[in-house]
């Protein structure tokens, strides 16, 4: 358990590896302008963590004593986002965005009631902002005045020891927001760190509470890991912690040996993501659920033609609804997953039959290139050749048919446009002042 001491450990420039030359130039511009206008500003969170570990940060986030309105006044190329707590996005060329937040006093998930704090109580000090964060390794600050690292929670030592630890009382923090368990496992997988024993025991004790979280939050957290480059290690930790069986109850009825190959399946998507090949969500979720489908439905012996194949497909589709009901997965993604999984036995049977080419009837199917790519990924995970020249598509979005406009509607629309064009308030017919 981390001691909530208000005293910070200040690490001077000659005692840490962070250098300004590795910090994004636009982020430095934002920090310097805030400083020059009399506000404190700090590089925070994952950016400091990654720089300390000599990794390239994905984002450079900044915290400051300035309020959102004051930040926007300093940066004309900015906008404010967020509902409960306002963030400011500062835009630069190349669609580059630097996010700036005001130092906060506590997380919305740590409140003792469900009321939103008044605006004048949400902002806080540097120490309060550090202790509201989820993990000690993400609670570090880098400031540009003296080039020091500021550590309130022991995050630097945890970085040096390779430990993932929740800030504060692990039990209480997980009860307040169970999604923190997923974040702890994510960083342990991505960094190759070990989850600290007290944090790990709290995760085991409160993993069932994940199902109390909003569907959209759970889905977003799962997608972050599936789309990363450490999904294989993440899946191994999900199995070890029992969270896999909580998130996907079908796995609870399987023996451990039935899904030993899950990390190998996701290792294929990790390899592709490292090459900057984007693997769509329906492919990733199909890989994640394949060991369960294969065992539960005897997938490789499933019918591939006729009415039996159709019924098998519908039964599998209904089962996917049950497994994914708490993750806010769209219908189109579940339909695409069903196509991928039910096509596997046909492709597998044909590939193992010794024929040199795929049947022409199968190749004419619109979905053939993608199901073949999925099959090649599965074969690679099972020790087959490296999957290359893969073809992926996005599930078709549901399109709403617009109501045909009647002639009277079009006439009224033209009349309104004409009235607006000639309105004195708009400056006359040619947009000029009539005064």
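Every read-out reported here was derived from the displayed coordinates using simple, explicitly stated rules and does not represent laboratory data. Bear in mind the structure is a predicted one, so any value in this text is a computation, not a measurement. Positions of Cβ are backbone-derived with ideal geometry, glycine not excepted, and every protein chain shown enters the neighbour counts.
What separates the Cα centres of the range 125-181 and the range 40-82 is a distance of 16 Å. Placing pseudo-labels 7 Å out from each Cα toward the beta carbon at residue 298 and residue 8 gives an inter-label distance of 6.4 nm.
What does the extension gain come out to for residue 93 and residue 67, with contour length at 0.36 nm per residue minus their alpha carbon separation?
Details: separation 26, 0.36 × 26 = 9.36 nm, distance 2.45 nm.
Stretched fully, the residue 93-residue 67 segment lengthens by 6.9 nm.
Give the order of 102, 125, 339 when sorted by the count of other beta carbons within 10 angstrom, beginning with the fewest.
Details: 102 22, 125 13, 339 18.
The most exposed by this proxy come first: 125, 339, 102.
Overall size of the range 131-266 from C-alpha positions, given as principal axis extents largest first: 55, 30, 28 Å.
Peptide packing for 267-280, 237-250 was compared via the average number of neighbouring C-beta atoms within 10 Å per residue; ordered from the highest value, the list is 237-250, 267-280. Exposure proxy ranking for 281, 7, 201, based on other Cβ atoms within 10 angstrom of each Cβ and starting from the fewest, stands as 7, 201, 281. Shape annotation for the range 186-253: C-alpha extents along the principal axes are 28, 27, 23 Å, from largest to smallest. If you plug the beta carbon distance of residue 21 and residue 328 into 1/(1 + (r/R0)^6) with R0 = 56 Å, you get a FRET efficiency near 0.85.
Order by neighbour count: 353, 332, 313, fewest other Cβ atoms within 10 Å first, most last.
On the way: 353 7, 332 14, 313 18.
Fewest-to-most Cβ neighbours within 10 Å comes out as 353, 332, 313.
The convex hull around the C-alpha trace of the range 259-396, projected and averaged over every direction, spans 8.6 square nanometres. For the pair the range 310-330 and the range 214-271, the centres of their Cα atoms are 18 angstrom apart. Taking every C-alpha pair closer than 8 Å and separated by at least 6 residues, the mean separation divided by the residue count of the range 9-168 gives a relative contact order of 24 percent.
At R0 = 45 Å, how high is the FRET efficiency between residue 318 and residue 79 if r is their beta carbon distance? Nearest 0.05 is fine.
Working: r = 44 Å, r/R0 = 0.97.
So, using R0 = 45 Å, E works out to roughly 0.55.
Quote the relative contact order of the chain in percent (integer), defining contacts as alpha-carbon pairs under 8 Å separated by 6+ residues. Display every interim value, and only then the final one.
Details: 582 pairs, mean separation 44.6, N = 435.
Relative contact order here is 10 percent.
The tail of the calculated P(r) for the chain beyond 28 Å holds 61 percent of all Cα-Cα pairs.
Defining a contact as two alpha carbons under 8 Å apart and six or more residues distant in sequence, what relative contact order in percent does the range 132-236 show? In percent, rounded to a whole number, it is 24.
When the Cα convex hull of the range 9-168 is projected onto planes of every orientation, the mean area is 9.6 nm².
Evaluated on the range 1-72, the Kirkwood hydrodynamic radius is 13.8 Å, with distances taken between all distinct Cα atoms.
When the helix-only estimate is applied to the chain (DSSP H runs of n ≥ 4, each -39,500 (n - 2.57), divided by the residue count), what is the mean residue ellipticity at 222 nm, nearest 500 deg cm²/dmol?
On the way: 19 runs with 204 residues, N = 435.
Helix contribution divided over all residues of the chain: -14000 deg cm²/dmol.
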